[in-house]
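Colleague: Please see the structure below; I have some questions.
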Amino acid sequence: MSEEFLGDRRKALEEEFFAKHNRQLLRQLQEATAIKAQAEALAAASGITDANVLAQLMALDLSSETLAALALVPLVEVAWADGRLDTKEQSALLSAAEQQGLGKGSASYQLLEEWLRERPSPKLLAAWKAYVATLSTTLSAQDKEALKQDLLGRARSVAEAAGGFLGLGKRISDAEQAMLTELEQAFA
């Protein structure tokens, strides 16, 4: 009888082990499927097919729903260039978001608000540069120049928002100018 009991116990332990192992494999498969679906949605929304660029964007929690905020990264970087975010710069950023069509309740707008509360990681700028480099390969020279001028113009407006004193003096700080130059080089 004890041999029968031990056999039953062994069988139960084996079944428990394999059930646990199967659940773990299923969870891994579901995670991989979700990551693949997220990458496909991001690729469809952005037009980017480079797996490395998509991985960089996903590592920053950018998704097809928050991709629109990526266009505001240069403005955010210029605003934070001097180490702090001025209320006039913040206002200029929020205005740019509204002009771009970001609704206050949208995921992209919420992400922008997060970037306004806390300076984003340097990884965000690196991911934006990779995005622009990849996007630039799909644009004509004329479209690429138009995108560059539009983006740099909006970034310059943010930089000028808090500059000078009573409208006098230097409107763009050295740090902001350095960031504008760095952003321009991303289009090279």
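Colleague: Looking at Arg119, Arg156, Arg171, which one is touching a Phe, Trp or Tyr at 6+ places or on another chain (Cβ under 6 Å) and either part of a helix (DSSP H, G or I) or closer than 23 Å to Ser91 by Cα (or both)?
Modeller: Matching residue, one of Arg119, Arg156, Arg171: Arg119.
Colleague: Write out, first by first residue and then by second, each pair whose Cβ atoms fall under 7 Å of each other, whose residues are 6+ apart or on separate chains, and whose first residue, in the range 120-135, is more than 19 Å from Gln110 (Cβ to Cβ) while the second is assigned to a helix (DSSP H, G or I) and of a type in the set (A, V, I, L, M).
Modeller: Leu125/Val73; Ala130/Val53; Tyr131/Val53; Tyr131/Leu57; Tyr131/Leu70; Thr134/Val53
Colleague: Another question, if that's okay. Listed residues Tyr109, Tyr131; which is of a type in the set (Phe, Trp, Tyr), assigned by TED's automatic domain parsing to the domain that holds Trp80 and under 17 Å from Ala92 (Cα atoms)?
Modeller: When all the criteria are applied, what remains is Tyr109.
Colleague: So, of the residues in the range 87-112 that are exposed (fewer than 15 other Cβ atoms within 10 Å of the Cβ) and of a type in the set (D, E, K, R), which turns out to be modelled with the highest pLDDT?
Modeller: The qualifying residue modelled with the highest pLDDT is Lys88.
Colleague: Return yes or no: is Arg154 surrounded by fewer than 16 Cβ atoms within 10 Å (Cβ to Cβ), in contact (Cβ under 8 Å) with a residue 12 or more places away in the chain, assigned by TED's automatic domain parsing to the domain that holds Glu77 and not small (Gly, Ala, Ser)?
Modeller: Spelling it out, it is not the case that Arg154 is surrounded by fewer than 16 Cβ atoms within 10 Å (Cβ to Cβ), in contact (Cβ under 8 Å) with a residue 12 or more places away in the chain, assigned by TED's automatic domain parsing to the domain that holds Glu77 and not small (Gly, Ala, Ser).
The values are calculated or read from the model by the stated rules, or taken from the named source; none is laboratory data. The structure presented is a predicted model; accordingly, all values stated were derived computationally and were not measured. No Cβ is skipped: glycine too gets one built from the backbone with ideal geometry, and neighbour counts run over all protein chains shown.
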